[in-house]
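Notes for the one structure printed next.
The values are calculated or read from the model by the stated rules, or taken from the named source; none is laboratory data. Bear in mind the structure is a predicted one, so any value in this text is a computation, not a measurement. Because the Cβ atoms are built from the backbone with ideal geometry, glycine has one as well, and the counts that use them run over all protein chains shown. Ligands, DNA and RNA are excluded from the accessible area calculation, which covers all protein heavy atoms including side chains. Shrake-Rupley method; radii C 1.70, N 1.55, O 1.52, S 1.80 Å.
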Amino acid sequence: MEWAALIAWIATAGGGFVMLAIWLSRGGMQQGDRPGSRIRPPLILSHFLLAATGLVIWIVYVATDSDALAWVAFVLLAIVAALGFTMFAIWYQRRQRGPAAATGVTGNPGSSETPPEQHFPVPIVGLHGLLAVVTVVLVFLTAVGVGD
């Protein structure tokens with residue numbers, strides 16, 4: 001099961017890299033001081049760094065079979081999941097409000113800039129979220145000893 005979790009985690013990271021690249025290429029780092037509901041740099045970078053750290057710890061766990069490392073990876077993954085759900089909520093709420101909200105016109109009539117996260121392809125967001133849930137479940141099941 002630890003190998004399935006590793007594969008799921010790597011696949012999840014692939015979708016995350018795609019979205020991070022889109023966010024960065026669309027000016028995500030410059031939106032920290034802009035008004036409105038947006039995914040801010042500290043949130044997305046914390047999500048990325050904690051997920052990457054957890055993945056490295058999981059790889060070490062797979063190599064060493066240390067139960068403590070499995071639990072550390074799971075705790076990090078739980079934090080990553082909470083941050084990810086927060087970003088999803090921001091993305092989804094803004095998307096549901098329609099094109100005017102996505103462009104920022106509602107809060108600031110002079111701004112027609114679409115927040116970087118509104119350029120995320122919906123299938124990538126969905127697949128990333130689905131794989132994330134699978135990863136959390138597999139890591140938890142492995143940590144509690146299912147499949148040993």
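Structure above, values below:
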quantity	calculated
So residue 80, is it more than 20 Å from the chain's Cα centre (by Cα), open to solvent by less than 30 Å² (accessible area, probe 1.4 Å) and at pLDDT 95 or above	no
Count - residues of the range 34-77 that are free of Cβ contacts under 8 Å to residues at least 12 places away in the same chain, among the aliphatic types (A, V, I, L, M) and open to solvent by 60 Å² or more (accessible area, probe 1.4 Å)	6
Cross-chain or 6+ apart pairs with Cβ under 9 Å, the range 132-148 first and surrounded by fewer than 16 Cβ atoms within 10 Å (Cβ to Cβ), then of a type in the set (D, E, K, R)	145/67; 147/2
